[in-house]
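This report concerns only the one structure given below.
The values are calculated or read from the model by the stated rules, or taken from the named source; none is laboratory data. None of the values given here were measured: they were computed from a predicted structure. Backbone-built Cβ (ideal geometry, glycine too); neighbour counts: all protein chains shown. For accessibility, only protein heavy atoms count, side chains too; no ligands or nucleic acids. Shrake-Rupley method; radii C 1.70, N 1.55, O 1.52, S 1.80 Å.
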Amino acid sequence: MKSIRHYLIMAIFGGLSLLSGWSIHAEPTATAPLPLQKNEMISQVNINQASAEEIAKYLNGIGLSKAKKIVEYREKFGPFVSIEQLKEVSGIGQSIIDRNIGKLVL
């Protein structure tokens, strides 16, 4: 018969496993990374290669409509040669560039 102490220890470790996401009874398993969500931190978005959907998903202040304008501009005039050139796209101003400056790459 198991002692109260055993059950107490199991309850403590079981509670910790719920809080920390691990279990003392489970074998470690490899999991696939979860897909990024809207506005989730990512390192960079290449505005010369990203789709409109990717641009809208990962850049702040840019919805699908503006993202499509970026892609249309790129297709019409060729790749962007500077981040500042984004201001030539209708609806894209300095404030949007400033909000995303660390994410924008060519």
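Taking each residue of region 56-69 that is in contact (Cβ under 8 Å) with a residue 24 or more places away in the chain and looking for partners that are acidic (Asp, Glu) with beta-carbon atoms closer than 9 Å, six or more apart or interchain, yields Tyr58/Glu40.
Considering each residue of region 59-72, count those that are open to solvent by less than 40 Å² (accessible area, probe 1.4 Å) and out of contact with any helix residue (DSSP H, G or I) (no Cβ under 7 Å at 6 or more places or on another chain), and give that number. Full working, then the answer.
Initially, region 59-72 is screened for residues open to solvent by less than 40 Å² (accessible area, probe 1.4 Å), giving 59, 61-63, 67, 70-71.
Filter again for out of contact with any helix residue (DSSP H, G or I) (no Cβ under 7 Å at 6 or more places or on another chain), leaving none.
Total satisfying the criteria: 0.
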